[in-house]
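The values are calculated or read from the model by the stated rules, or taken from the named source; none is laboratory data. Since the model is a prediction, treat every value here as computed from it, not as a measurement. Please note: Cβ atoms are built from the backbone with ideal geometry, for glycine as well, and neighbour counts cover all protein chains shown. To get the accessible areas, we keep the full protein, side chains included, count just its heavy atoms, and leave off ligands, DNA and RNA. Shrake-Rupley method; radii C 1.70, N 1.55, O 1.52, S 1.80 Å.
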Amino acid sequence: MYRTHTNGELSAENIGQEVTLSGWVQKARDKGFIVWVDLRDRYGITQLVFDEERTPKEMMKQAQKLGREFVIQITGDVIERESKNPNMPTGDIEILVKKVTVLNESLTPPFTIENETDGGEDLRMKYRYLDIRRNPVRENLIFRHKVSMAVRNYLSEQGFVDVETPYLIKSTPEGARDFVVPSRMNEGQFYALPQSPQTFKQLLMVGGLDKYFQIVKCFRDEDLRADRQPEFTQIDCEMAFVEQEDILNMFEGLTRHLLKEINGIEIGEFPRMQYDDAMRLYGNDKPDIRFGMQFGVLNKVAQHKDFGVFNNAELVIGIAVPGGNKYTRKEIDTLINWIKRPQVGALGMIYSRCNDDGSFKSSVDKFYDQDDLAKWAEGTGAKTGDLVCVLSGETNKVRAQMSALRMHLASELGLRKADEFAPLWVVDFPLLELDEETGHYHAMHHPFTSPKPGQLELLDSNPGEVKANAYDLVLNGNEIGGGSIRIHDKKTQAIMLKHLGFSDEEARAQFGFLMDAFEYGAPPHGGIAFGLDRLVAILGGQETIRDFIAFPKNNSGRDVMIDAPAPLDQAQLTELNLAVTLPKK
Ligand code: ASP
């Protein structure tokens, strides 16, 4: 038996008992006549003691040789500590060691296995197994486990059935590139890894399963913008015989359950916002509603003077920055430079200070008088002491820029509190989205999303106006879930695919199986998928999903520990009928 107890459970109650413990040497302090060793495992740390008076000489020597991260097993007696440590659960006791066995030695680890480590991100990822020994990483993984267990229990209690769907499939368009897997047995053919189990979960509904869920890996070959992973985990769900309202209620229930179970927070009914309003008021389809700073449209009160920048703009919008008048000129310049960076792309920013005496001081005083500026304040809801920031330009662009500015300022002002949770349903998304580059429409959610009743006809005349039965669940400015009520008849699905630019043959080749299924009594159905990685990070009050993934990939999609991806050897390539053609360097 390797251990009678873990390193986190012994207390004064155990004094006098003989115990056997196993674990890693966190650190050893050698005073010559006495050696203390902190023995660590997942459950905690227990202090071991060897001393000249009570420990045989040989064992004393053995203790002095124990290095950091050695794996050892000891047997000894639980004794009362002379100087107790009230900050440690096991701080009242120590173990007077009678026998020590080194189970495995360790090289000196490349970084310290402490809460605050000296190891940089790359090093920690290369030796992730050592990183996982650190408390914060281990705690995050256990936290994730708790969230996924709470999800499983809740959904199972609601009658959902956990069904696995295949990973080797045919491409399902969810807006990203596929990862593909060559098939050895089917020469020249490829599987695609699922961007999501979308079509399979719909087929499970055709199969009559009624309520499906799966905590499942999805794969999307996207450029890894901040904090994305090429493989990520979804809580994927589908229900039959439901309308949008049923789905919203069910998954609001799940989210409320998680917030209560995991964070101890009770939240009432989630607010709902139309997509159009989210864009109008926040410039964003996933607004963080923990703070105000809604956009005010200022066209009327800014386009009546001689200021060409505003006069030529499609949209002039402002936000009130609470207490923003305290910003110095220099700080405002920094802000302006921030929004002029290519990532945000604004050409500049106009501002107006709301002074304590009720007057205003703007960067365009030449053009606008106090009455005008008072209207800007009114239009943005600015109060004395606030700063009104104004941007102008083409509607979509200026909204996106203002949204970025709003979030940046809110972070700076500490308005995005990690322990405050503001869920929000965003509903009534457009069905289609215009790709500015190609001029083609593509599905905003995915091609299986149904249009709002009666709007199918609009597809021909005004495709951009058609609204979908699609919804997103937003938490603190992050999209944590999204889904839709699906098309469940062949005719509508065919019309949809045609509008997305699929010829009949292409539609048949790619989605024939689904459209065939729709001809055998497909029930009305709909669903949702939550991004588990992000959800866990937010519930855990942290920013990066990587911290909650045991073996994450870096920003170039590499696993630096196993060194993947990697070239294949020629034999493997030949077997797969593959030739690698790389541009000559
Ligand atoms: N498959 C969708 C996604 O991954 C979710 C859904 O429509 O249920 O975003």
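Quote the charge dipole size of the stretch 509-585 about the Cα centre in Debye, to the nearest 20; the model charges only the Cβ of Lys and Arg (+1) and of Asp and Glu (-1). Don't skip to the answer; put the middle values down first.
On the way: 6 positive and 9 negative charges, 77 e Å.
Roughly 380 debye, rounded to the nearest 20.
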Under 19 Å by backbone N from the virtual spin label 7 Å along Cα-to-Cβ at residue 556, the residues of the stretch 106-124 are 120-124
In nm, the gap between the two label points placed 7 Å beyond Cα toward Cβ at residue 579 and residue 396 is 4.1
Per 5 angstrom bin, beginning at 0 and ending with the bin that holds the maximum distance, the Cα pairs of the stretch 244-332 fall in percents of 3, 11, 13, 13, 16, 15, 9, 7, 7, 5, 2, 0
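Taking N as the number of residues in the chain, what is its Cα Rg relative to 2.2 N^0.38 Å? Before the final figure, lay out each step's value.
Values: Rg = 30.1 Å, N = 585, 2.2 N^0.38 = 24.8 Å.
Against the empirical 2.2 N^0.38 Å value, I get 1.21 for the chain.
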Share of accessible surface on carbon and sulfur in the stretch 232-312, whole %, 1.4 Å probe and ligands ignored, is 45
By the mean-Cβ-within-10 Å protection proxy, highest first, 567-579, 538-550 rank as 538-550, 567-579
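So, with +1 on the Cβ of K and R and -1 on the Cβ of D and E, and no other charges, what is the size of the charge dipole of the stretch 357-497 about its Cα centre, to the nearest 20 debye?
360
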Between the alpha carbon centres of the stretch 386-419 and the stretch 128-167 the gap in Å comes to 34
The simple spin-label model distance between residue 129 and residue 149, using points 7 Å out along Cα→Cβ, in nm, is 2.5
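Can you tell me the relative contact order of the chain? Whole percent, Cα pairs under 8 Å, sequence separation 6 or more. It would help to have the intermediate numbers written out before the result.
Numbers: 1091 pairs, mean separation 75.0, N = 585.
After rounding, I find 13 percent.
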Per the helix-only model, the chain has a calculated mean residue ellipticity at 222 nm (DSSP H runs of ≥4, -39500 (n - 2.57) each, divided over all residues, rounded to the nearest 500) of -8500 deg cm²/dmol
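Round to a whole number: what % of the accessible area of the stretch 436-585 belongs to carbon and sulfur, probe 1.4 Å? Provide the component values of the computation, followed by the final result.
Working: 4080 of 7770 Å².
For the stretch 436-585, the apolar C and S fraction of the accessible surface comes to 53 percent.
What GluC sites (Glu not before Pro) in the stretch 428-468 are in a loop by DSSP, with at most 15 other Cβ atoms within 10 Å of the Cβ?
Numbers: sites: 433, 436, 437, 457, 465; in loops: 436, 437, 457.
Filter output for the stretch 428-468: 436, 437, 457.
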Ranked output for segments 29-37, 247-255 by mean other Cβ atoms within 10 Å, highest leading, reads 247-255, 29-37
Measuring from its Cα centre, the stretch 35-161 shows a charge dipole (+1 at each Lys and Arg Cβ, -1 at each Asp and Glu Cβ) which, in debye to the nearest 20, is 480
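Which of the three applies to the stretch 141-244, rounded, prolate or oblate, going by the alpha-carbon gyration tensor with a ≥ b ≥ c and a/c under 1.5 meaning rounded? Please report the intermediate quantities before stating the final value.
On the way: a/c = 2.07, a/b = 1.33, b/c = 1.56.
Note, shape of the stretch 141-244 comes out oblate.
Just to confirm, what accessible area per residue do you get for the chain at 1.4 Å probe, in whole Å²? Numbers along the way, then the final one.
Details: 29520 Å² over 585 residues.
Using a 1.4 Å probe on heavy atoms only, each residue of the chain averages 50 Å².
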Measuring from the longest principal axis of the C-alpha atoms of the chain, the long axis of helix 329-340 (C-alpha) lies at a number of degrees, nearest 10, equal to 80
For residue 491, counting only lysines whose alpha-carbon sits under 30 Å away and dropping same-chain residues fewer than eight positions off, the answer is 170, 201, 211, 452, 467
Relative contact order of the stretch 443-509 (C-alpha contacts under 8 Å, at least 6 apart) in percent is 31
Packing-ranked peptide list from 379-385, 131-137, 333-339, 292-298, highest mean Cβ count within 10 angstrom first, is 292-298, 379-385, 131-137, 333-339
Taking Cα atoms only, helix 244-263 is inclined relative to the longest principal axis of the chain by an angle, in degrees rounded to 10, of 30
Projecting the Cα atoms of 197, 265, 455 onto the charge dipole of the chain, where Lys and Arg contribute +1 and Asp and Glu -1 at Cβ, the residue farthest towards the positive end is 265
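What's the carbon and sulfur percent of the stretch 140-199's accessible surface, probe 1.4 angstrom, rounded to a whole number?
Details: 1700 of 3330 Å².
Here carbon and sulfur together make up 51 percent of the probe-accessible area.
Relative contact order for the stretch 181-261 using alpha-carbon pairs under 8 Å, separation at least 6, rounded to a whole percent?
Contact order relative to length: 24 percent.
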Expected vector for the stretch 47-57, Karplus 3J(HN,Hα) from phi with 6.51, -1.76, 1.60 and θ = phi - 60°, integer Hz, x for Gly and Pro, equals 7, 9, 10, 10, 9, 3, 5, 10, 9, x, 3
Expressed in nanometres to one decimal, the distance between label points 7 Å along Cα→Cβ at residue 326 and residue 184 is 6.6
Rounded to the nearest Å, the spacing of the alpha-carbon centers of the stretch 436-500 and the stretch 262-325 is 25
Stokes-Einstein, Kirkwood over Cα pairs, the stretch 385-526, 4 °C, 1.567 mPa s; D in µm²/s equals 73
